Structures are given as C-alpha cells and as structure tokens.
1. Search the structure for amide H atoms under 5 Å from the amide H of residue B:192, placed 1.01 Å from N in the peptide plane, and list their residues when 5 or more places away or on another chain.
2. Amide H to amide H under 5 Å from residue B:601: which residues, 5+ apart in sequence or cross-chain, H placed 1.01 Å off N in plane?
3. Using a 10 Å cut-off on Cβ to Cβ distances, tally the other chain neighbours for every residue of B:659-670 and report the average as a whole number.
4. For the pair residue B:202 and residue B:729, how long in nm is the line joining their label points, each one 7 Å along Cα→Cβ?
5. Sort B:161-172, B:253-264 for me by packing, meaning the mean count of neighbouring Cβ atoms within 10 Å per residue, highest on top.
6. May I ask you to derive the relative contact order of chain B, considering only C-alpha pairs under 8 Å and at least 6 residues apart, and to give it as an integer percent?
7. Straight-line reach from residue B:575: which aspartates and glutamates fall under 16 Å, measuring Cα to Cα and dropping same-chain residues less than 8 apart?
8. At R0 = 22 Å, how high is the FRET efficiency between residue B:388 and residue B:572 if r is their beta carbon distance? Nearest 0.05 is fine.
Amino acid sequence: MQITLTVNGETRDMDLDPRVTLLDALRDHLRLTGSKKGCDHGQCGACTVLMDGRRVNACLVLAAMAEGAEITTVEGLGRPGSLNPLQQEFVACDGFQCGYCTPGQIMSATGMLAEARDGWPSHVSESLAGPVALTDGEIAERMSGNLCRCAAYPGIRQAISNCAGTSAEAAKEAAE
Amino acid sequence: MTVNFRMDAPQPRLLDQTGQGVIHKPLDRPEGPLKVSGRATYAAETHLPGMAHGVLVTASIARGHVEAIDDSAAHELEGYLGCWNGERFLRNPAQGMAGAAPVQPGDRVDFRGQPIAVVVAETFETARDAARRLRILYSEEDAVTDPAEAEFETKEDADAARAVAEALETAAHRIDATYTTASHAAAAMEPHASIAEWNGDQLTLRSALQMLRFNALELADAMGLERGQVRILSPYVGGGFGSKLGLGPEAVAASMAARDLGRPVRVAMTRQQVFETVLRRSETVQRLRLAADSGGRLTALAHDNRQFQLLGEGFAEPVPQASRFLYAGAARSYRQDLGRMHRTPSGSVRAPGEAVGQLAMEAAMDELADAVGLDPVELRLRNIPDAHPGTGTRFSAHGLEACLIDGAARFGWDRRAGPRARQEGDWLIGMGMAGAARPNMLVPSEARVTLAGDRATVETDMTDIGTGSYAILSQIAAEMLGLPAENVTARLGDTDLPGASGSGGSFGAGSSGSSVFLAAKDLRGQIAALMGAAEDGLTLKDGLARAGNVEKRLADLIAEPIAATAKIEKGEMAKETHQSGYGAHFCEVAVHALTGEIRVRRFEGTFAAGRILNEKTARSQCIGGIVWGIGAALTEELVHDARTGQPVTRDLASYHVPAHADVPQIGVTFLQERDDAANPIQAKGVGELGISGAGAAVLNAVANATGVRLRDYPATPDRVIAALAAAGL
C-alpha cells in the first residue's frame with residue numbers, strides 16, 4: 001500500500017506491505033537504522049521515536065498507522081560534528097556503552113523533557129498539578145520504559161539532568 | 001616482522017614515564033558521536049543489494065527427531081524462497097573460545113527452542129508468515145526437563161571434603177546454609193543477527209560476535225570451509241555479556257541459505273529466540289559451610305554447587321572460582337554436581353562463577369559475621385590470606401584490604417545499625433556489604449600500529465561490545481607515541497586484521513591493550529633510530545620527538561608510514577603469581593514491611609584492578625556490573641516449565657532486567673594500583689569485577705533491614721513476604 005510519512009522533515013513516499021511496522025519501515029525501507037530493534041514487542045524502548053512530537057515504540061506502530069504523521073528519529077537530532085546538546089551530554093556523561101539502546105534513550109528523553117515542560121505528572125510526582133521538578137527519581141521513573149543492559153542508567157540520567165537544567169533555564173529566560 | 005612477547009617477568013612501568021598524559025584520563029569514547037546519532041552500524045544494519053530475509057524456526061519438543069518439514073503452505077506465499085536445515089545447522093551457539101563448530105545434530109532435537117530450520121523470503125514479513133506455516137513432524141522421545149529427575153555427575157575431592165568436615169566439628173563458629181540462584185540470561189539489547197554474503201567461495205559474515213579470531217574458525221568448520229575463505233565483520237556489537245562469545249545458529253543458517261540462493265541473506269533472532277536458543281547461566285543450588293575460630297578466623301570452607309547442563313556440552317559454571325582464594329582457611333572443599341537436562345544449554349554469562357558463586361559466598365560470610373558477633377568488614381579483614389590459600393602461590397597486587405577500608409569510609413559504614421533497627425514508615429532500612437574478586441587472565445592477542453606523520457592507526461580484530469576498546473586502544477597508542485588521542489584511529493572488528501583475544505573473561509583490555517602497547521613500543525624504537533638516538537633517551541609528546549637537544553615534528557620525521565605488529569601471550573608470571581582484581585561493595589536498601597518490595601537506595605563500590613586505562617569507561621563497566629548484581633539479587637529469573645523444558649520468562653517483560661527506576665546513582669572509586677605481574681601495561685580486567693559480590697551486598701542489606709535472611713534468589717516480593725511471615729513478622 002502507498003504510505004506517506006514525514007521523517008525528520010522530509011516527505012517520504014513508500015509502497016509497503018501493510019504488515020510493515022513503522023520500525024521496519026524506518027530501518028529496512030528508509031535505511032534509517034538509528035532506531036533499534038531490541039524486542040519488537042514494546043518491551044525495551046530501543047525503537048523509541050517521536051510521532052507528532054510524542055514518544056512511541058516504533059515496533060508497536062504499523063507504518064500505515066503513521067500515514068501523514070511527522071516522525072523524528074535520532075538521525076534527525078544531530079550528526080557527528082553537529083550533535084544536539086542532549087547527544088553531546090550522552091557522550092560526555094558516558095550515557096551508553098554498547099550504544100544499542102542509546103537512540104531510544106535519547107528519543108525517549110527528548111519526548112520526556114517535553115512532557116515535563118508541559119507539566120505532565122508521573123507516578124512519583126509530588127503533585128498532579130504544577131511544574132515538574134526533574135529530580136533523579138523523576139527522570140528514572142519517566143525513563144523506565146527504556147532498558148539498558150549495559151546499565152548506563154546513572155550516566156544517562158546525568159546527561160538528561162544536565163539538559164533539563166539547560167532547557168529549564170532557557171525556558172525561564174524566554175519567559176522573562 | 002612481528003614482535004612476539006611472553007609475560008615471563010615484571011615489566012617496567014613505561015606508561016608512567018611517557019609524558020602525553022592521556023592514559024587513565026576519562027576521555028569520551030571516540031565512537032560516541034556515531035552511537036548517539038544512530039550512525040554506528042550493527043550486525044543486521046547493512047543493506048546489501050538483493051538481500052533476502054530469514055527467520056529461524058525452533059523446536060516445540062524437548063527431545064526427539066524432526067521427521068519431516070512440510071512447507072507446502074509456505075509455497076503459497078509470493079516471495080517465499082525456501083527452507084533450510086540439515087547437517088550443517090548448529091544446535092546452539094559455540095561455547096567461548098571453542099574455535100570449532102558446536103554440535104551439529106542433523107535432525108535430532110535436544111531441547112525445546114533449539115533452532116531446526118530457517119525460512120527465507122524476499123521480505124521479513126513474508127519470511128515470518130512462512131515460518132508459521134511450516135508443518136513439522138516430530139518423533140518425540142522421553143526427555144528430562146525437571147531438575148528433580150536429572151542425573152548428576154559428581155566431582156569431589158574426598159580427602160578435602162573429609163578435612164573440612166573435621167574442621168567443622170571442632171570449630172568455635174560454623175555456618176551451614178544452602179542458597180539457590182535462578183537461571184540467568186545475558187539479554188544483550190541487540191538480538192543475535194547475521195548477514196551472510198558469498199563472493200564465489202569466499203564468505204563474508206556481518207554478525208554480532210565477541211571473539212572474532214575464534215568465531216572465524218567456528219564458521220569455517222561449521223560450513224566446511226578453510227579459514228582463509230571466511231571473513232567476519234563486527235565493528236559494533238550491541239552488548240555481549242558472554243552470549244556472543246561463540247558463533248550462533250543464525251550465522252550458519254544465513255550462510256547456508258545465502259550460498260544456495262546466490263544472494264545475501266540476513267537472519268536476526270527474535271527476542272524470544274534469543275532467550276530460548278542462546279546459552280544461559282544455569283540455575284544453582286549452593287551449600288556453604290564455613291568454620292571459624294573464636295576470633296572469626298576461617299579454619300575451613302566448603303562451597304558445593306549443583307547446576308545443570310545439556311548432554312554433550314562441556315561447560316560448567318565455575319561457581320566457587322573466587323571462593324578458592326578470596327579468604328583464608330586451611331581446609332577447603334568444592335563439590336560440583338552437574339545435572340543433565342534437556343533444556344537450553346548453559347554457557348558463559350557475564351562473570352561465570354562469581355556472578356552467582358559470590359552471591360552465596362558473601363551472604364554466608366555475612367551470616368558468619370553475625371554468628372561470631374563481628375562487623376562484616378572486620379570479619380573480612382581478618383581473613384585476607386597472605387598467599388593463595390589452596391595452592392600457596394603468591395598474589396600479585398592485592399587490593400582487598402584497601403578496598404574494604406576505602407569503601408567503608410566513603411559509604412559511611414560506621415552508621416550501620418543493628419538488625420531491624422531502622423524504620424521509616426512501612427520501610428525497613430538496612431546496610432550491607434560484600435567483598436569482590438575476579439581473576440585476571442592474559443590471552444594471546446595481536447595488533448598492528450601504523451604511524452603516518454603524526455597520525456596513528458591501531459588495527460586488530462578486537463571487538464568493542466560496549467567495553468571501551470575503541471577508547472582504550474587509541475589511548476594506549478597515543479600515550480606511547482606522544483599524540484593527542486584524537487590523532488589515533490582504532491580499526492576493530494574485522495578478521496582481516498591481526499587476531500586479538502576478543503572480548504570475554506575480562507581479559508580483553510589487558511590482552512589486546514598489551515599488544516597495542518608492544519607494537520607502539522616497537523614504533524618508539526623505530527622513531528629513535530630515525531632520530532639517531534637510543535630508545536630510552538627518546539621523548540614523544542604532542543607530536544614532537546625529542547632526543548638530547550634535537551627536536552623534530554613527527555609530521556616531518558615520519559616521511560613514509562612506519563608500522564609494527566606485536567603479539568602477547570601469557571608466560572611464567574601466570575604460574576608464579578595469582579592475579580585478581582579486588583573490590584568492596586556497600587549498599588543501603590529499603591524493604592517494604594508489607595509488600596516485600598526492595599529498593600536499592602545507595603550503592604558504593606571501591607575497586608583495585610591495576611592500572612585503569614580510561615577512568616570513564618572503566619567506571620561504566622563497574623556500574624554495569626553492580627547493576628547486574630542488583631538484577632541477580634532482586635529481579636532476574638529465567639523460569640522453565642518443568643514439564644516441557646520451555647523457557648517461560650522469555651522476553652523483556654517477564655525476564656526482569658533492572659530498569660532506570662531500580663538503579664540509584666552509584667558511586668565507583670578506583671584505587672591507584674599497578675599490577676606488574678599482569679602484563680606490560682599493569683592493568684587487570686574490570687568487566688566482571690563489579691558483579692562479583694554486588695548482589696550479596698544488596699541481600700546482606702536486606703538481612704540487616706529486616707532481621708531475616710533470604711537464601712533463595714532473586715529476592716522477589718513474594719519470597720520476602722514469605723520469609724518475613726515465616727519469621728513471625
């Protein structure tokens with residue numbers, strides 16, 4: 001079937017078997033292998049991408065369901081030589097080892113930071129309303145859908161925390 | 001010419017005399033930008049023209065034969081290309097360092113989940129559909145799938161066992177406790193995958209593997225080829241932890257289909273197949289008996305284990321490996337009962353031996369501390385042996401005492417209260433600790449270093465499975481050649497390059513790092529000759545060569561590229577000394593008195609492992625190990641159906657690897673140490689040291705929090721509630 005996706009700002013027309021998942025469409029048809037297949041069942045988070053700004057497990061979305069959607073993958077954030085701040089922090093904080101879960105962690109963190117900025121509470125939030133303070137515990141809770149068997153978790157959260165501070169300050173400055 | 005080096009004597013600490021200052025520094029991984037931008041290419045991610053897609057089919061019986069495979073329904077699918085099985089098919093991945101094909105059982109089935117065929121089609125979706133359409137006719141035979149029905153092969157030194165029994169009888173204090181640990185899966189994030197591509201009779205395999213030098217031999221043997229006909233590429237590997245030590249069934253399946261089809265074939269295991277097919281860590285039953293005098297000094301130690309393996313597989317988990325030398329005690333015994341079962345075979349999973357052995361041993365030490373009435377740190381300090389207690393071999397650099405003292409101070413161990421003495425609402429708070437040890441090894445490894453002007457290239461088939469090989473090998477060459485680290489490029493993961501140790505057994509950094517060191521050292525000699533100076537009068541720093549009052553830029557001096565190849569192997573030092581990394585773990589937990597939930601609140605580890613080559617990547621290795629310890633203690637349990645042998649917790653939703661929320665920020669400290677007996681770079685492995693004892697520190701903290709000792713792991717909430725209830729709490 002004919003499917004049109006917008007991936008990292010580019011319109012991509014594809015003729016796909018209706019069984020093709022968004023993840024396989026990205027990896028095998030568009031050759032964007034940054035999004036990883038760790039379980040193909042929505043259990044590990046390695047395939048996390050943004051769909052219209054929200055994080056989703058690309059293995060649980062059929063490509064056909066993403067018709068017309070704006071998809072952002074890790075390739076769309078930055079490339080070597082022009083990494084975005086979160087990617088740079090992942091490198092600096094050693095927020096990865098083997099690197100296989102890393103694109104999913106970074107995409108999930110990108111979506112999560114937006115959710116926190118929008119005031120979405122989590123299971124461990126003190127309150128259901130009001131601004132979210134991204135403590136280590138908050139970040140851990142919100143990132144627990146992304147497994148890392150190398151267990152780079154402390155470095156991942158440090159990287160996210162460093163960026164959360166930056167983006168919070170930027171938001172504050174913008175507000176002032 | 002290749003420099004051949006045997007580690008027969010302590011070597012000068014050259015890396016302490018070179019002046020570049022990049023060794024040990026916490027430099028970022030050079031491949032980091034590729035990984036964080038999704039541009040590092042893993043095994044399944046190369047797109048080759050005309051590539052077909054394969055899906056493995058696994059056995060649904062535990063024992064018997066495949067009588068027939070009917071694929072007529074698959075033929076109805078457009079794009080179906082065929083089904084392959086037969087004599088070359090692998091039953092399971094090769095054991096680590098096998099260097100030859102694992103069992104090729106033909107039509108015989110030995111365990112449920114055994115790969116029996118591969119189905120190939122034009123697309124993944126069609127192949128997956130076709131695989132489900134196969135009708136497989138089996139002849140089934142009786143299988144042993146219940147541990148209670150297994151027959152055991154026993155290894156025991158009767159004299160040693162008798163000596164322990166006698167010491168126990170007269171001891172002032174004794175512990176006799178039995179612990180159980182669950183079966184574990186490596187569960188690397190990247191599922192095993194291979195792409196096979198033939199060019200005439202030459203086979204190129206892109207695969208997720210840890211030890212390419214051995215894997216090439218395994219592939220050639222499995223396919224009936226000469227070694228020179230195969231090339232394996234594994235530039236990036238999405239985690240290994242032992243599960244990718246040996247060539248896997250999907251590699252041979254892809255190679256068979258690709259040869260017949262005359263086009264490249266990709267086969268990636270599903271996550272469920274990874275759990276069913278890849279070598280696991282056996283469940284264990286461990287009986288620990290400790291005898292001590294009135295001062296808490298060990299007089300005897302018996303660490304017995306029961307574990308399981310498939311018939312025909314030689315590997316056994318070396319459960320008491322660290323118990324053999326970590327603590328003193330004259331009488332020592334280690335009985336092993338190996339039960340044969342028709343379940344997925346066992347093999348090396350990160351820290352084989354220590355990962356489960358020290359979980360039990362360090363818990364038993366905690367129980368002994370209680371019995372003697374000694375602080376657990378003090379008990380360990382009193383039992384540090386002067387030499388290997390079993391063999392009398394002298395230790396090389398031995399940092400256990402310093403780790404215990406440093407870790408205790410850093411953690412605030414003196415604030416530990418008595419059992420069940422701290423409570424915050426429904427949460428019981430406790431502290432626990434454990435010692436750590438993991439023996440150090442040197443495995444033959446070869447590398448080539450080329451210097452062109454002021455840029456160097458390191459080439460070896462060493463892999464980086466997340467361990468930091470790209471970083472440390474670049475740093476070693478940079479330090480030796482006086483270059484900024486970014487002037488060195490490491491090319492890894494290609495069997496066309498000099499053969500390395502591979503990544504396994506924590507020996508990769510010391511072994512392959514030494515080969516790079518030796519090749520670079522040879523280059524220093526060549527540079528000195530170009531300078532007309534003696535090597536020991538040469539200084540290399542920031543791309544400048546200095547000898548006497550002559551200074552030249554390497555960019556000018558090295559007009560034509562110069563190269564050196566070096567190979568290291570173990571020698572007399574491995575016989576004359578016992579080498580190990582050491583450490584100490586300290587943990588604080590909260591245990592919910594009603595729900596049995598355990599939260600790890602704080603964790604500090606101090607380690608002594610010789611020279612630390614990159615403080616950042618080594619720290620990550622230790623954190624990773626500690627988290628594996630947390631998983632083994634609290635959540636990870638590969639459950640099998642005893643009736644059928646089917647792995648039940650065969651995905652990441654039911655096999656619980658620790659998630660972000662399970663892991664606090666973790667403190668890791670490295671003590672300054674050089675191990676002159678280990679290798680010429682004075683470094684020991686850190687990849688598995690962090691696991692050793694880590695889970696015991698968690699469980700000992702649980703015992704301190706609750707006043708109740710759990711001995712069946714993982715300590716899931718149901719077990720915690722049952723233990724509290726049994727104690728009347």
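1. Here the answer is B:269, since their amide H atoms fall under 5 Å of that of residue B:192.
2. For residue B:601, whose amide H was placed from the backbone, the distant partners under 5 Å are B:588, B:589, B:590.
3. On the way: counts 12, 19, 10, 4, 9, 6, 7, 4, 1, 1, 0, 0.
Whole-number average of other-chain Cβ neighbours for B:659-670 is 6.
4. About 6.6 nm, to one decimal.
5. On the way: B:161-172: 16.7, B:253-264: 21.9.
Top to bottom by mean Cβ count within 10 Å: B:253-264, B:161-172.
6. Values: 2027 pairs, mean separation 134.8, N = 729.
It rounds to 18 percent for chain B.
7. Counting by Cα, and skipping residues close in sequence, residue B:575 has these aspartates and glutamates nearby: B:8, B:675, B:676.
8. Numbers: r = 16 Å, r/R0 = 0.74.
My answer for the efficiency is 0.85.
Coordinate-derived values only; no laboratory data. Quick caveat, the model's predicted, so the values are computed rather than measured. Backbone-built Cβ (ideal geometry, glycine too); neighbour counts: all protein chains shown.
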